[in-house]
Amino acid sequence: QVRRVESGGGLVQTGDSLRLSCEDSGRTFSGVAAAWFRQAPGKDREFVAYVNSAGGIAAYADSVKGRFTVSRDNAQNTLYLQMNSLKPGDTAVYYCAAKIWTRSYLDPRAYDYWGRGTQVTVSS
């Protein structure tokens, strides 16, 4: 049973914005850090953004810094990713996950409880 559901993806044009949501109905993210990753066809899953359990500390991949903003609403058990100034290179399936293991926050192996993903496609 999937307890983390990403939504908000879609087909947009270069320069547009999208807001992704990750609803955690199983409260898996409660009290732990979380992150967004993305995976384009034929490529490895890559780190996008990280936020700590309280939501006060965030980190971003260089490729999205200044354009994307990660946040969370712990009362609503929801993680967000605001994506502005989208580029064709942002095209990928976006996943949310909870940081469970003591590896670097950049490493997808530090995470578990992945959602099924939401497709973001940016046309030029």
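The values are calculated or read from the model by the stated rules, or taken from the named source; none is laboratory data. A quick note: this is a predicted structure, and the numbers were derived from the prediction, not measured. Glycine gets a Cβ as well: all are built from the backbone with ideal geometry, and neighbour counts include every protein chain shown. For the accessible areas, the whole protein counts, side chains as well, though only heavy atoms, and no ligand, DNA or RNA atoms are used. Shrake-Rupley method; radii C 1.70, N 1.55, O 1.52, S 1.80 Å.
Taking segment 33-50 as the range and being within 15 Å of residue 115 (Cβ to Cβ) and aliphatic (A, V, I, L, M) as the test, the residues that pass are 34, 35, 48, 49.
Pairs please, first residue from segment 72-90 and part of a strand (DSSP E or B), second anywhere and surrounded by fewer than 15 Cβ atoms within 10 Å (Cβ to Cβ) and polar (S, T, N, Q), Cβ atoms under 9 Å, 6+ apart in sequence or on different chains. The qualifying pairs are 79/71; 80/71; 81/71; 82/17; 82/71; 83/17. Among the residues making up segment 81-102, those that are more than 17 Å from residue 11 (Cα to Cα) and more than 14 Å from the chain's Cα centre (by Cα) are 100, 101, 102. Any residue in segment 114-122 that is open to solvent by less than 60 Å² (accessible area, probe 1.4 Å) and touching a Pro at 6+ places or on another chain (Cβ under 6 Å)? Yes, segment 114-122 contains a residue that is open to solvent by less than 60 Å² (accessible area, probe 1.4 Å) and touching a Pro at 6+ places or on another chain (Cβ under 6 Å).
Scanning segment 39-53 for any residue that is over 19 Å from residue 75 (Cβ atoms), of a type in the set (S, T, N, Q) and modelled with pLDDT under 95 turns up nothing.
Within segment 64-84, the residues that satisfy the criterion of being over 10 Å from residue 35 (Cα atoms) and surrounded by fewer than 15 Cβ atoms within 10 Å (Cβ to Cβ) are 65, 66, 73, 75, 76, 84. Scanning segment 95-111 for residues that are in contact with an Asp or Glu (Cβ under 7 Å, 6 or more places away or on another chain) and open to solvent by 30 Å² or more (accessible area, probe 1.4 Å), which turns out farthest from residue 54 (Cα to Cα)? By that ranking, first place goes to 95.
Within segment 1-58, if we keep just the residues that are among the charged types (D, E, K, R) and assigned to a loop (DSSP other than H, G, I, E, B), the residue that is surrounded by the most Cβ atoms within 10 Å (Cβ to Cβ) turns out to be 45. Checked against the criterion of being at pLDDT below 95, on the phi < 0 side of the Ramachandran plot and open to solvent by 20 Å² or more (accessible area, probe 1.4 Å), segment 85-94 has no qualifying residue.
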